[in-house]
Amino acid sequence: MLKRKMSRRRFLATTAASTTLAMPFVRRAYAAGKLSIGFWDHWVPGANNASKELCEQWGAKEKVEVSIDYITSQGNKNLLTIAAEAQARSGHDIFAFPTWQPADHANRLEPVDDIMAELIKLNGPVNKTVEYLARANGKWLAVPACVGSQIKGPCSRIDLMKKHAGIDVVAMYPAGSPPKADAWTLDAMLKAAEACHKAGFPFGIGLGVTEDNVDTAGAIFQSFGADLVDAKGNVSVKTDAVRQALEYYKKLAQWLPPDAPAWDNASNNKYLIAGKGALIMNPPSAWAVAKRDAPQVAEQLWTHGMPSGPKGRYAPFLPYFWGIWNFGKNKSAAKSLLVHLSQPAAIEKMVNASFGYDLPAFEKLTTLKVWEEEGPPKGTLYHYPNPHNHQILSVAAAPAPPKIAVQIYTQGIQTKMVVRFMQGEALEKTLAWAESEVEGFMRT
Amino acid sequence: MVDAVLKAPAVAGSAPRRSALRRTLQRKSTIAFLMTLPLILLVVLLVLYPAFYAVHLATLNKSMERFVGFGNFQFLFKRETFWMVVQQSCIFAITAVIFKALIGFIVAHFVHNVPGNKQRRWRGMLLVPWVIPPAMSCLAWLWLFDPSYSAFNWVLEKLSVGPVPWTGDAYWARFSVILVNVWIGAPFFMIMYLAALKSVPEQLYEAAAIDGANWWQRMWYVTIPMMRNIMAITALFSLIVTFANFDIVRILTAGGPLDRTHVFATWAFWIGIQGNDIPLGAAVSLFMVPILTVAAIFILRDIHRRASEMS
């Protein structure tokens, strides 16, 4: 017979376990633990309330204590927080990652294949840019967030375009109907830019290194098929497509404001709202501010599609993502919340709160009523979410592998190429400079 | 009874120990150490630890998974932009320090000659640029230099002078960031030089006047030699701060156009945080150390030599 002596430690453990088992289960208010979230602090006043309410509803239902920090992207505070949390391997459970961040932190993010499969089934497929940015090695790294996601297409002055360039943007992009934009090409845009410049209302397209400038350059380069690095990671700077894109941009740049190389993300907004320009490339934030500060300008604004180039009609799409850190403490709750936030009703609530600024990446959710109804002028945002899929949504520097593309993007290589060439540098010298820069981004 | 017997030797033994402790605590060096201890701890925590951590980061590969030794530095040496940043940082720091010193010197003399009762008011007003948080004053400068709505350009237009691309052209942008740095930093030089001027014994000027020295000779043979140590220390301090400047360039030009105004700190931030290449960003930021060390060695050696000569 095997005799076992009961030690003091074992006795305590057994007693504690039996006491726990004997205790009745008490479901407390936050029985399922805590969840901390770092959301992007929205530009649009009051837009944060929608995500806050949705999280609180979910927290009350699931008995999870939710705490939210709204972190601004002003001064790159969100990027600094992401870098700090990644270094410390501690922080929020869920974070709102800007465009390139999921790929950069791929090995620190919890895969979300299970919930993405469910969401794609529910909301339809996501566009290729989302897949390019948030899927690595066959795994989904993050869920596309509607909050903060945007298309930076043209926002034109109806009156100035009609008067000086002879282009009726409303007829070209009628509210509620598919676009009739076959004639809206890069050449047509160049002619319109010249006409508006001569009339004293130049197009407000910046040539600086901040996102708005780089996004436009990226889309125009892609319209020529001008990739600086191909999908396999090969440098392809010295190609005819890149030369064509630069030649085109040089022609366009002469009709842009002379200070365009110094423009940042706010410059184009201010330019349009002040009534100085006939077109900018921006999400509807400029229109929303104009509605408040310069209603006579807002009434004349129409958001529409990009012009097409030899290789297609590309529009800059900048998505945000909700990702779960793999060191997060409550991953199952985090996944449950992301599913809740990605339900069609939740997405519609957030899009409405942003007055149509936020864009869902799922195919079935690009025709919400808000875009049809927002105004004045009514229907000004109808074509903003690309409802008829007549544009290819892309991000500058794609299709280069994201870890290389992010460097091309953040260093503003394309706009720097344009400015160098525009300021008189020989084309081949500009290409050689860009090639050398891009080769430097290949390091792992 | 027993307790009392046991306690007696303990009391007898602790008395000398306590007095030794008291003597140690009363020593000037101990008091000085204890008083500076909070600062030492802060320096260790907020300066030394991050500095060593930056060295560690600079030896990792881009994804921070592998030790690459000096790989990041070797990579930087081959980059055209890096050498441009080195050149710009030197131009920015040296030019700004020279102008700050020059303006500070001239203004200090003006203020020194203002009658005593009005001097305090002038001193206060002239210190304003230095005491305003730089991020705030830089925003005001940003509006003055704004590409499309520059107040300066508005005035220039009224005078029928064409608009100046303050932040849109490489040379003007460099001029603008240096100008703002000088505007913010010159009062510091002014106040230091003013303090130095006040410490120059009046008898020296009287003796020089008796010898028939003119204004220039009094300046050259009395004022400047008496101020040299303060001038050197102020220049060194300012050089370090200006080299490490971040806010002015970041707010006014963000390093543009075409990277022509980047300095070490802004380029390190751009690469490290925005480009998510933290090891390379750390390597860039560490480049300030050898440059500033060399400058510090030369300046401090000069001060030490003069102090020895004077004593």
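The values are calculated or read from the model by the stated rules, or taken from the named source; none is laboratory data. These figures come from a predicted structure and were not determined experimentally. A quick note on method: Cβ atoms are made from the backbone with ideal geometry, for glycine too, and the neighbour counts reach across all protein chains shown. These accessible areas exclude ligands, DNA and RNA; they are computed on the full protein's heavy atoms, side chains included. Shrake-Rupley method; radii C 1.70, N 1.55, O 1.52, S 1.80 Å.
Shape class for the range B:243-311, computed from the alpha carbon gyration tensor (a ≥ b ≥ c): prolate, with a/c not under 1.5 and a/b above b/c. List the lysines whose alpha-carbon lies under 21 Å from that of A:LYS232, not counting same-chain residues fewer than 8 positions away? The qualifying lysines are A:LYS128, A:LYS139, A:LYS311, A:LYS403, B:LYS62.
For chain A, the longest principal axis of the C-alpha atoms and the axis of helix A:77-88 are separated by about 40°.
You can think of it this way: the chain between A:SER436 and A:LYS198 has 81.9 nm of extra reach, that is 0.36 nm per residue less the Cα-Cα gap.
Let me know the shape class of the protein assembly as shown, please: from the alpha-carbon gyration tensor, a ≥ b ≥ c as square roots of the eigenvalues, rounded when a/c is under 1.5, otherwise prolate if a/b is greater than b/c, or oblate. Because a/c hits 1.5 or more and a/b fails to exceed b/c, the protein assembly as shown counts as oblate.
From the alpha carbon centroid of the range A:399-434 to that of the range A:323-343 is 38 Å. Buried surface between chains A and B: roughly 3100 Å² of accessible area, summed over both sides, computed with a 1.4 Å probe on protein heavy atoms only. Modelled label positions at B:TRP143 and B:GLN26, each set 7 Å beyond Cα in the direction of Cβ, lie 6.2 nm from each other. The alpha-carbon of A:LYS378 sits under 25 angstrom from the alpha-carbons of these lysines, leaving out residues fewer than 8 places away in its chain: A:LYS152, A:LYS162, A:LYS163, A:LYS180, A:LYS270, A:LYS276, A:LYS291, A:LYS349, A:LYS364, A:LYS369. In the range A:287-444, a dipole from Cβ-located charges (positive for Lys and Arg, negative for Asp and Glu) runs towards its positive end, and of A:ASN386, A:PHE355, A:PRO319 it is A:PRO319 whose Cα lies farthest in that direction. Taking 7 Å steps out from each Cα toward its Cβ at B:PHE246 and B:GLU80 produces label points 2.9 nm apart. Computed over chain B, relative contact order equals 24 percent, with contacts defined as Cα pairs under 8 Å that lie 6+ residues apart.
Taking Cα atoms only, the orientation of helix A:331-341 departs from the longest principal axis of chain A by about 40 degrees. Extension gain, B:HIS56 to B:LEU204: 0.36 nm times the residue separation minus the Cα-Cα distance gives 47.9 nm. So which residues in the range B:79-127 end up with at least 20 square angstrom less accessible surface once the other protein chains are there, compared with the chain by itself, probe 1.4 angstrom? Hits at the 20 Å² cut-off: B:ARG79, B:GLU80, B:THR81.
Restricting the range A:178-232 to trypsin sites (Lys or Arg not before Pro) that sit in a DSSP loop and have at most 13 other Cβ atoms within 10 Å of their own Cβ leaves A:LYS180, A:LYS232. Remark: relative contact order (chain A) = 24 percent; criterion is Cα-Cα distance under 8 angstrom and separation of 6 or more residues. At a probe radius of 1.4 angstrom, the accessible area of the protein assembly as shown per residue rounds to 48 square angstrom. For chain A, the 222 nm mean residue ellipticity estimated from helices alone, with every DSSP H stretch of n ≥ 4 adding -39500 (n - 2.57) and the total spread over all residues, rounds to -12500 deg cm²/dmol. Compared with its chain on its own, the range A:175-210 contains the following residues whose accessible area drops by 30 Å² or more in the full protein assembly (probe 1.4 Å; ligands, DNA and RNA excluded): A:VAL209. Sorted from greatest to least, the principal axis extents spanned by the alpha carbons of chain A come out as 101, 48, 35 Å.
By Kyte-Doolittle mean hydropathy of at least 0.5 and Cα axial length of at least 24 Å, which whole DSSP H helices of chain B are selected?
Both cut-offs are met by B:80-113, B:170-198, B:224-243, B:288-310.
Quick one: Cα centre-to-centre distance for the range A:212-261 and the range B:213-254, in angstrom? The distance from the Cα centre of the range A:212-261 to that of the range B:213-254 comes to 46 Å.
On a per residue basis, the convex hull of the C-alpha atoms belonging to the range B:155-311 measures out at 158 Å³.
The mean sequence distance of close C-alpha pairs (under 8 Å, at least 6 residues apart), as a share of the length of the range A:312-389, puts its relative contact order at 17 percent. Where only DSSP H runs of four or more residues are counted, chain B gives -24500 deg cm²/dmol as its mean residue ellipticity at 222 nm, each run worth -39500 (n - 2.57). Taking all protein chains in place and a 1.4 Å probe, what share, in percent, of the accessible surface of the range A:37-152 do carbon and sulfur account for? Taking all protein chains in place, the range A:37-152 shows 50 percent carbon and sulfur surface.
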